[in-house]
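See below for the structure under consideration.
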Amino acid sequence: MTELPRFSARNLAIGYIAVSIAVLALFATPLWFEWSRRIEGARTESLREDSQRLSEVFHRDGLAGLAAAIDAEVGRRLRRGEKLVLLADDSRTRLAGNLPEWPQGIADSPGMHMGWTTVDGTPMSVSLFGANLPGGYRLLVGRDVTRFRAMESFFWYGLLGASGIVLLLGVLAGWMIRRSLLAEVRGISQTASAIVAGDLSRRLPIRGDAHELDILAQTINRMLEQIEQLLHGVRNVSNAIAHDLRTPLAELRSRLEELVVTRPPPGQVHAEIESAVADVDRVIGIFNALLRLAEIDTGARRSGFVQVDLAKVAAEAAEFYQPLAELKGVKLAFESNGEQTVAGDPLLLAQAVGNLIDNALKFAPLNGAITVATARRRDGTAEVVVADGGPGIPEAEKSRVSQRFYRGDASRGTPGVGLGLSLVEGVARLHGGALELADNRPGLRATLVVSPS
């Protein structure tokens, strides 16, 4: 397969020149053909009629009458631009007419001939029609075509001039395009170099005047903003991981160090070991949550999607948390209007619903109520709604609570590391849905939206 030429200012200029010259050729070729056909045809027909008319004079009045008619019509002196007539005998000797002699290169055969003659020492291009008369006489009738040659030359010179202008404009346009592109590329290169040097706030300039490269610049700027957000996110997550791991690891080290120094009795040692195991489990839980989020972000879990009844998943999650709700004196109710089948990962969906119920139990007041409900929306998506009567989330924090390791003011004294809602949002995004947070007045209404396919 032939590879197309790559885009460049030089190739663009060459293409413009080639197309323009081709267009000129397509315009000039039929014009020249029509000119030649019509002019040559009209001239030939006119000379044939003159030759036939003079031949009739010969047949009617004889040689003397034809010679007298020729001398009366054109005389004996040739002038530029006049009709040309020559009557000659079988040896090409001039008998009458304004041609001084038989033109060189003209054959004796009848029909159209092109040749040259001399007028006052100046060559003149002539078109002649020859006819043979009885008695071996020969008749030439012609026209001076020098002026037509001048017009033809003017046509060709004009065509060459137009081609030269096209060539000049192509070279100039290629130079200007190359200069403009290099200026834009230089700006992009400077911005990229600044970003590589660490200035993540740099962006490509937007002209705002419908410039052709504005679309590219806007796309690159959006990409740079996304990269900046990702880098800030990685930095924040790294800081949060370091902060949240430092506390349990410090507690674990303190307990172990105290055991080494004090050497308490076996009963106390076992209690401290249980506390140390709890700290290790907390660290492992953080890493497990991060690994699940990484799997969700890469979309690797989509390969395990099956048909899942979301209502059944929510019902099982509510049933699992029912004993914990009873211990806290919270009424946990489940509502559903039927089967809600979706394509998804049953384990991730169960964990997401469980996280929402777990968060609701953390903040639900004593003797409060939590409602878990499933339904099908008008657009075909399925939803799981977990509503509680707790303190809720301030409007200013709703856009941030799903960030990894973010903990609002209301959650400072509760257990957790701030990954629960991040995981729920990741699961929703993996399933083509979203996590929606709204006021329950009082409390929070958290909705997990899942696409049916």
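Structure data summary
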read-out	value
Qualifying residue in the range 140-156 (condition: charged (D, E, K, R) and more than 60 Å from the chain's Cα centre (by Cα))	yes
Odd one out for A410, checked against (1) part of a loop (DSSP other than H, G, I, E, B); (2) modelled with pLDDT under 80; (3) open to solvent by 30 Å² or more (accessible area, probe 1.4 Å)	(1)
Test result for G62, on the phi > 0 side of the Ramachandran plot, open to solvent by 20 Å² or more (accessible area, probe 1.4 Å) and free of Cβ contacts under 8 Å to residues at least 12 places away in the same chain	yes
Test result for S51, in a strand (DSSP E or B), open to solvent by less than 20 Å² (accessible area, probe 1.4 Å), polar (S, T, N, Q) and touching a residue at least 24 places away in the same chain (Cβ under 8 Å)	no
Residues of the range 371-386 classified as in contact with a strand residue (DSSP E or B) (Cβ under 7 Å, 6 or more places away or on another chain), surrounded by fewer than 20 Cβ atoms within 10 Å (Cβ to Cβ) and either basic (K, R) or under 12 Å from A333 (Cα atoms) (or both), total	4
Any chance A194 is farther than 30 Å from I177 by Cβ and at pLDDT 75 or above	no
Test: residue in the range 341-350 that is closer than 21 Å to L435 by Cβ, open to solvent by 10 Å² or more (accessible area, probe 1.4 Å) and modelled with pLDDT of 90 or more	no
Long-range neighbours under 9 Å by Cβ, at least six apart or interchain, first residue more than 15 Å from T191 (Cβ to Cβ) within the range 224-235, second surrounded by 10 or more Cβ atoms within 10 Å (Cβ to Cβ) and modelled with pLDDT under 70	G233/Q403; G233/R404
Search result, residues across the range 292-338 that are surrounded by 13 or more Cβ atoms within 10 Å (Cβ to Cβ) and modelled with pLDDT under 70	R292, L293, E295, I296, R301, R302
Options V277, V234: the member that is part of a helix (DSSP H, G or I), modelled with pLDDT of 70 or more and among the β-branched types (V, I, T)	V277
Within the range 197-215, tally of residues that are among the aliphatic types (A, V, I, L, M), modelled with pLDDT under 75 and in a helix (DSSP H, G or I)	0
Of all residues in the range 112-146 being out of contact with any Asp or Glu (no Cβ under 7 Å at 6 or more places or on another chain) and not in a strand (DSSP E or B), the one that is modelled with the highest pLDDT	P134
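The values are calculated or read from the model by the stated rules, or taken from the named source; none is laboratory data. What you are looking at is a predicted structure, and each value in this text was computed from that prediction instead of being measured. Counting neighbours? That spans all protein chains shown, and the Cβs are built from the backbone with ideal geometry, glycine included. Remember, those area values only see protein heavy atoms, side chains included, never the ligands or the DNA or RNA. Shrake-Rupley method; radii C 1.70, N 1.55, O 1.52, S 1.80 Å.
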